[in-house]
Every structure is written in C-alpha cells, then in structure tokens.
Amino acid sequence: MTDIAELIVGALAEHGVEQVWGVVGDALNPVTDAIRRNDGVEWIGVRHEEVAAFAAGAQAQLTGRIGVCMGTVGPGSIHLLNGLYDAKKSHAPVLALCGQVPSPELGSDFFQEVDNDVLFADVAVFNETVTSPAQLPGLLEQAVNTAYAEQGVAVLTLPGDLGSQEVGKDTTAPRFAPRAEQAAAPEAQLDAAATALNDAGKVTLLVGCGARADRDAVLELAEVLQAPMVLTLKGKEGLEAENPYQIGQSGLIGNPATKEAFDDCDTLFLLGTDFPYRDWLPSDKTVIQLDQRAGHIGRRTAVTHALVGHVGPTVRALLPRLRAGKKGKHLQKAASAYREWREEQAKLADPGHDRTLLGRLRGKADNPDHRIRPEAVAAALNRHAADDAIFTSDTGMATVWLSRFIELRGTRRLLGSYNLGSMANAMPQALGAQALDRSRQVIANCGDGGLTMLLGDLRTAVTHRLPVTFVVYDNGRLGMVKLEQEQGGLPEFGTELDNPDLAAVAEAMGVPARRVTGAADVDDAVRTALATDGPYLLDMVTNPDEIALPPKATPGQAWGFAIAKSKEFLQSR
C-alpha cells in the first residue's frame, strides 16, 4: 500500500522534480521520509524557509518546471511567504507543501496552529487543505496544473495525521496536464497594429522578458521599423548581446539614451513587458502593447492598440503586414547617445580611474577613502564569467551595477527579485540555480544588507556542495535607500551597516573567502574566485558614496542631492 506522502513525492519525481527545499519537522515528517526513500528526489535542508521558497522559485524561472518547497506547521509555513510572493510576482510555477496541526485539533488554537487557507489566500492561485486520503491524487493534480496554467504559487496543506495514511489500492497515479500552446494575437488586432506602425514616423520598442525566447523575430521587427529597443532588466537575457538596436534600460537603473528614445518617438511599442514604472514612460504617444496576459494591457499607460497573444507568433504574423523603408535617424540618434554614455561609464569601471587627474579630482568629492568603485567589480565579473553563467542580484545598488556592466551574452541567465523587490534574494536564488547543475557557474551579486539578512544559509552551500560564487558589494550601507534619501534632499540616516569582516565570517562557516580593499586587486580576486572548485565569497569593500544618477536628473533631483550632500558634510565630515 502507498501512503499520501509517498504518492505526492513519487508523482513529483516522475514529473521531473529533482529537489525539494525546506526545513524538516512534525507534520511533514512523512513527506521528508518519503523523499529519503526516493532516489529521484534530493532533499535540500535550509536554515530558513524563506531561502527554500526563493530557491524553488529560482528553479521554476530557469526551467519552466514546477519548483517545490516545504514549510511545516505555523512558523515554518509563515517563513515561506516572502519567497512565495516573489514567485507570484515573477509568474513562476511553485508548489508549497505546508504542514498543519492534526485534523482533530483544527480550530482549537492548538500549539503552532495557523489558518493556512487564510494565510496564503493572497499569494496562491491554488490553496487547499487535504482532509482525507480520498482527495489524492485529485488535489495534487489541481495544485500543479493550476500553478502551470496561471504561472503562480500552489499551496497544498497537509495536517499532521494525514501524511502517513494510506490511499486506496485502486488509486491511480496523478496525471498532470500538458502546457498550453503559444498563440498569435487575432487577425483584427494584427491589422490595426500594422496600420498604426506603417503610419508611424518614429517608433521606440520597450521589450521585456516575455520576448526573450523570440530574439530573431524581435530583431527583425526592430530592423523593419528602424526602432531603438529599450530593454527591461529581465529582457537583457537573450536580447542584449550582439543587438545593434538595444540601448539599455530605463528607470533609475537606466541611461539618457532611453529617455531620449522615449521622448522623441511618436509611437511606443511594448512587447512582453509589464514594466511597472509609469513615471518613466512617455505621454501623448500612440501606444501598442503586446502581451499574453490581457490583464496587463493598459495598466501602466494608456494603450491605443492591444495585441493579446504570445510575442513570437504575434511578431511573426505582424512582420508581413509591415512596410519597409523607414528612415533610420531616430535609431541612429539613440544608438549614438547610448554609445557615448557607455564610454563614460567604462572609465569608472577602470581600476586605475582614481589615479587619473579627473579621477583624483572626483575621488576627493565622492571617494575620499579610496575604496573600490563597484563599477569595477561588475566589469571584472563580466570579463571573467563564463558565457553560460547564471547571475543573481540583490535588490538595490547591486542590481544597478549588474545592469550596466554585465552583458548577458551567450546563454547567460539572470535572476533577481525584480517585481517584488525583496532584500536578501540573491544568495537563495543562486543556491536554487546551482542545485540544478553543480557544474555550471553561478554568481550571486549580493548587497551587504541582503547577505547578512539570511546569512545562515551560506552554510547550505557547504552542506549540499553548491559551488556558488558570492560577490558582496560591501559598502556598509543600504545603498538604494541612501540614494532615495539623497534624491529627496534628505541627509543619510539609518542606512549605515556595522558589518563584521564578511570574509572572516564566511571562512568560519566553511566557505573559502577573500576580503578585497584595493582596486588593483579586483581582477585577480575575481579570477581566483571563479576558478575555485566549490563555494567562494568575495568581500569587496566598495565606495558607499557612488551615485547612480537617473537617466536625466530633474532640477529638483539635482537640488535634492546637493542639499543632502551638504547636510551630510556638516554632520559627518
């Protein structure tokens, strides 16, 4: 006979699930025991369930297959929530198996009892509690199928007395539904969009992660329209390298070329993106938006023509309807502005920058302690990382430097909490990515605040032989918050971090590490870390006053920085 736990684990293994992430305990002990007895599934025990949820979400985003995490009764399940919200907002199919008090105790305010159905109501697309063995395999099928269909989180709660109960001898194995086929937008929508594009003078594309599997079609579209292509951060993957039309990102991580390309166009075409920062989008333009989710159409900016479908089939159906022959001045102007900006940025990434005359003058103002410029760290990673490396980045300044200096060439992949915006995501997402393939290079771009928030799970890399390279931008600050305060004219307050020697901490946890304090040592340190067989941590002591200005700072923002800096000077220097 088979019990509920064996049925669940066996079905997931048969489906291709290779790892389950979590912390063992009480109600889910039958499930972890079933994993112990199943050679096809690896149990990865973490120190904090939030790490489990982030890791499972990372695996789902990288593979398109269901990621699985577990949290036991009460606090264990609660700890999953932040990582599950990240999966929800990243449209990642994740199954969370959650423990519950024994069935007879439900509703009695029993020890650790939490109402999971209420707790997960907002985060989950499927959320049910098993009440009898007869509900299996039906509930498991519904959970996984719904996670795939709605690209979200499914929560299946298992009371402590049910996991070891036997299912009926005639119970069939779960059957998971196939994925839906991709489809183009309807003909009438294609005709209307084609007419608008043919009539347009200057077109700018804003392209997101929904298009990254359709590189050839999107580049052909840019060529026909002679359109500069602004990429979202998640759109860098698959679309950035060897792309003569792309001009980088917009928003706070962006550059002046994207602002000009938005302002100068008369038609804006959004493809596969739900770019959330409406203040950075232009107004008074003809807007065409293509997205597979109708609910995304028009929620960031008013849309003139909607295309509801997948990017690849829709663009391929649209191209024969478009007339060639558009002038290329709009594209050339944007590409030239982007090239000039990159040349200026490259100077900051040179380890010898602060030894030049201009560098010494600038350093007196913004780097008086001669710390490493974070641009140099990201640029070194870009030079030495493999062309199939997977990068993760913490929310904040680590993402800024990655977006500007790490090119996603080859088959490089990128993960971050780019929709939820959580702290502490880079390390657990890197663990999840590395567990999929221990021979592939995985590099976590960590903020010091993010890493120390979930520091205990550095040990997970050692325990489970996950050779992640952890690169810490150690500026002793919550850097993005510092920037936000200064942009608003406020002096820095509450952002300073009294960090220990993070390399020494890593060494104590069994992770080889190196603390780097000089710009001249960055290149060698990165090469050494990436060549190490096993996990490695680089504690890069970087400049806390490095400013990532918006693409085109307004007078108010510039004045805000000036006021903030003068207040900081009076208070601290």
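Checked against the criterion of being over 22 Å from residue 503 (Cβ atoms), surrounded by fewer than 22 Cβ atoms within 10 Å (Cβ to Cβ) and in contact with a Leu (Cβ under 8 Å, 6 or more places away or on another chain), the candidates 438, 409 yield just one match: 438. The set of residues in segment 255-272 that are in contact with a strand residue (DSSP E or B) (Cβ under 6 Å, 6 or more places away or on another chain) and not in a helix (DSSP H, G or I) comprises 265, 267, 268, 269, 270, 271.
For every residue, the table says whether it meets (1) touching a His at 6+ places or on another chain (Cβ under 9 Å); (2) without any contact (Cβ under 8 Å) to a residue 40 or more places away in the chain; (3) of a type in the set (A, V, I, L, M, F, W, C).
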site: 92; (1), (2), (3): no, no, yes
site: 102; (1), (2), (3): no, no, no
site: 110; (1), (2), (3): no, yes, yes
site: 152; (1), (2), (3): yes, no, no
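Scanning segment 394-405 for residues that are among the aromatic types (Phe, Trp, Tyr) and either surrounded by fewer than 24 Cβ atoms within 10 Å (Cβ to Cβ) or closer than 13 Å to residue 418 by Cα (or both) turns up just one, 405. The requirement of being surrounded by fewer than 24 Cβ atoms within 10 Å (Cβ to Cβ), of a type in the set (Gly, Ala, Ser) and at positive phi is satisfied by residue 421. Exactly one residue among 545, 523, 533 is within 22 Å of residue 404 (Cα to Cα) and modelled with pLDDT of 95 or more, and that residue is 523. Just to be sure, is residue 86 in contact with a Ser or Thr (Cβ under 6 Å, 6 or more places away or on another chain) and within 18 Å of residue 424 (Cα to Cα)? Judged against the criteria, residue 86 is a match. Counting only strands (runs of 3 or more DSSP E) that fall entirely inside segment 466-543 and contain at least 2 residues that are among the hydroxyl-bearing types (Ser, Thr, Tyr) and within 24 Å of the chain's Cα centre (by Cα), the qualifying elements are 469-474.
Among the residues of segment 165-181, is any surrounded by 22 or more Cβ atoms within 10 Å (Cβ to Cβ) and at pLDDT 95 or above?
No: zero hits.
Here residue 339 clears all of (1) touching a strand residue (DSSP E or B) at 6+ places or on another chain (Cβ under 8 Å); (2) exposed (fewer than 14 other Cβ atoms within 10 Å of the Cβ) except the condition numbered (1). How about segment 460-490: which of its residues are surrounded by fewer than 17 Cβ atoms within 10 Å (Cβ to Cβ) and more than 27 Å from residue 379 (Cα to Cα)? 462, 463, 465, 488, 490, listed by residue number. Note on segment 280-299: residues that are touching a Ser or Thr at 6+ places or on another chain (Cβ under 9 Å) and basic (Lys, Arg) total 1. Taken as a whole, the condition of being in a helix (DSSP H, G or I), touching a residue at least 40 places away in the same chain (Cβ under 8 Å) and of a type in the set (A, V, I, L, M) does not apply to residue 414. Scan segment 378-399 for residues that are outside any loop (DSSP other than H, G, I, E, B) and under 16 Å from residue 476 (Cα atoms) and the total you get is 2. Among the residues of segment 3-12, is there at least one that is within 21 Å of residue 119 (Cα to Cα), surrounded by 24 or more Cβ atoms within 10 Å (Cβ to Cβ) and touching a helix residue (DSSP H, G or I) at 6+ places or on another chain (Cβ under 9 Å)? No, because not a single residue in segment 3-12 is within 21 Å of residue 119 (Cα to Cα), surrounded by 24 or more Cβ atoms within 10 Å (Cβ to Cβ) and touching a helix residue (DSSP H, G or I) at 6+ places or on another chain (Cβ under 9 Å).
Going through (1) more than 12 Å from the chain's Cα centre (by Cα); (2) assigned to a helix (DSSP H, G or I) one by one, residue 446 falls short only on (2).
If you go through segment 211-249 and pick out every residue that is in contact with a Lys or Arg (Cβ under 7 Å, 6 or more places away or on another chain) and either of a type in the set (Asp, Glu) or under 18 Å from residue 280 (Cα atoms) (or both), you end up with 2. In this structure, is residue 116 among the polar types (S, T, N, Q), touching a residue at least 40 places away in the same chain (Cβ under 8 Å) and surrounded by 21 or more Cβ atoms within 10 Å (Cβ to Cβ)? Spelling it out, residue 116 is indeed among the polar types (S, T, N, Q), touching a residue at least 40 places away in the same chain (Cβ under 8 Å) and surrounded by 21 or more Cβ atoms within 10 Å (Cβ to Cβ).
Against the condition within 22 Å of residue 188 (Cα to Cα) and either surrounded by fewer than 24 Cβ atoms within 10 Å (Cβ to Cβ) or among the polar types (S, T, N, Q) (or both), how does residue 241 come out, does it pass? Here the answer is no, as residue 241 does not meet what is asked. Scanning segment 218-248 for residues that are farther than 25 Å from residue 321 by Cβ and either of a type outside the set (Gly, Ala, Ser) or outside the structural domain of residue 267 (by TED's automatic domain parsing) (or both) returns 232, 233, 234, 236, 237, 240, 242, 247. Taking first residues from segment 323-336 that are assigned by TED's automatic domain parsing to the domain that holds residue 267 and partners that are among the charged types (D, E, K, R) and surrounded by fewer than 19 Cβ atoms within 10 Å (Cβ to Cβ), the Cβ contacts under 7 Å between residues at least 6 apart in sequence or on separate chains come to 330/264. For residue 188, the requirement of being farther than 28 Å from residue 400 by Cβ, free of Cβ contacts under 8 Å to residues at least 12 places away in the same chain and out of contact with any Cys (no Cβ under 7 Å at 6 or more places or on another chain) is met.
Selection of first residues in segment 449-477 that are in the same structural domain as residue 394 (by TED's automatic domain parsing) and of second residues that are surrounded by fewer than 24 Cβ atoms within 10 Å (Cβ to Cβ) and of a type in the set (Val, Ile, Thr), restricted to Cβ pairs under 7 Å at least 6 apart or on distinct chains, gives the following pairs, ordered by first then second residue: 458/511; 461/511; 462/511; 464/44; 474/541; 477/495. What are the residues in segment 449-464 that are touching a helix residue (DSSP H, G or I) at 6+ places or on another chain (Cβ under 9 Å) and either within 21 Å of residue 19 (Cα to Cα) or outside any helix (DSSP H, G or I) (or both), if any? Matches in segment 449-464: 454, 456, 457, 458, 460, 461, 464. Can you confirm whether segment 384-393 contains a residue that is surrounded by fewer than 21 Cβ atoms within 10 Å (Cβ to Cβ), closer than 18 Å to residue 414 by Cβ, touching a Leu at 6+ places or on another chain (Cβ under 7 Å) and at pLDDT 95 or above? Yes: segment 384-393 contains one or more residues that are surrounded by fewer than 21 Cβ atoms within 10 Å (Cβ to Cβ), closer than 18 Å to residue 414 by Cβ, touching a Leu at 6+ places or on another chain (Cβ under 7 Å) and at pLDDT 95 or above.
The values are calculated or read from the model by the stated rules, or taken from the named source; none is laboratory data. All of these numbers come straight from a predicted model, not from anything done at the bench. Heads up, the Cβs are rebuilt from the backbone with ideal geometry, glycines too, and the neighbour counts pull from every protein chain shown.
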